[in-house]
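The values are calculated or read from the model by the stated rules, or taken from the named source; none is laboratory data. Since we're looking at a predicted model, the values are computed, not measured. Neighbour counts run over all protein chains shown; Cβ positions are idealised from the backbone, glycine included. These area figures cover heavy atoms from the full protein model, side chains too; ligands, DNA and RNA do not enter into them. Shrake-Rupley method; radii C 1.70, N 1.55, O 1.52, S 1.80 Å.
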Amino acid sequence: MSLLAIVALVTIVFFLQDHAKEREAHSPEITTSEFIKKVAPAAKREQQKYHIPASITIAQAGLESDWGKSKLAYKYNNLFGIKANSKKHRVRMYTTENVNGKDIYVKQYFQTYDSWADSIAAHTLFIVNGTKDDHHRFKKVMSATNYKDAAQALQDGGYATDPDYAKKLIYDIQKFHLDKYDEFK
């Protein structure tokens, strides 16, 4: 077999492996408990790498996705409402934004993911890298020594338009005892 044929064969194998990955499927009937069990391992892995409290990641995923029941979550694996940054792997859907104290519905392009773990990893990188205008926007989330400070740091950094975002995260963490997944050092 010629070198060119071997290179072509290897290229085809890698192409097929890359495209053979199917999108993870979820039911919109998932319970909150099932959702937490499903996302907790990925949240803990990201916490070990980047020091973002797992409870924060789980609570954000739950709050943003209606605990896995939103169409964006169960069909497109986007747990956090992350907007699309390219024309690839995206879907257009309505979202609620709080503008000047009023909730309005707008159509946005959202990123799609192959799995919930991929969505969690992308969310983590967003927290770690910040935004184009401020790469340090969420650094206090990673240096927080408890979930309450981390939740407030997200709100202070402008993560969400909801003025009660931190309170909602803290409420969910306490209600579902999500702090048991945290490892503060």
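Answer yes or no as to whether residue 131 is closer than 24 Å to residue 54 by Cβ, free of Cβ contacts under 8 Å to residues at least 40 places away in the same chain and either open to solvent by less than 50 Å² (accessible area, probe 1.4 Å) or within 15 Å of the chain's Cα centre (by Cα) (or both). Yes: the conditions hold for residue 131. Scan segment 60-86 for residues that are open to solvent by 30 Å² or more (accessible area, probe 1.4 Å), part of a helix (DSSP H, G or I) and of a type outside the set (A, V, I, L, M) and jot them down. Matches in segment 60-86: 64, 71, 74. Every condition in (1) open to solvent by less than 40 Å² (accessible area, probe 1.4 Å); (2) out of contact with any Leu (no Cβ under 9 Å at 6 or more places or on another chain); (3) over 18 Å from residue 63 (Cα atoms); (4) not basic (Lys, Arg) holds for residue 183 except the one numbered (1). For segment 41-86, filtering for residues that are over 24 Å from residue 142 (Cα atoms), touching a Pro at 6+ places or on another chain (Cβ under 9 Å) and among the polar types (S, T, N, Q) leaves 1.
Within segment 99-185, considering only helices (runs of 4 or more DSSP H) that don't extend past its boundaries, which have at least 2 residues that are touching a helix residue (DSSP H, G or I) at 6+ places or on another chain (Cβ under 8 Å) and of a type in the set (S, T, N, Q)? Even if it seems obvious, please write down each step before you answer.
Details: elements: 116-129, 139-143, 147-156, 165-175.
In segment 99-185, the matching helices (runs of 4 or more DSSP H) lie at 116-129, 147-156.
Candidates are the residues of segment 19-38 that are of a type in the set (A, V, I, L, M) and over 17 Å from residue 147 (Cα atoms); the one that is least open to solvent (accessible area, probe 1.4 Å) is 30.
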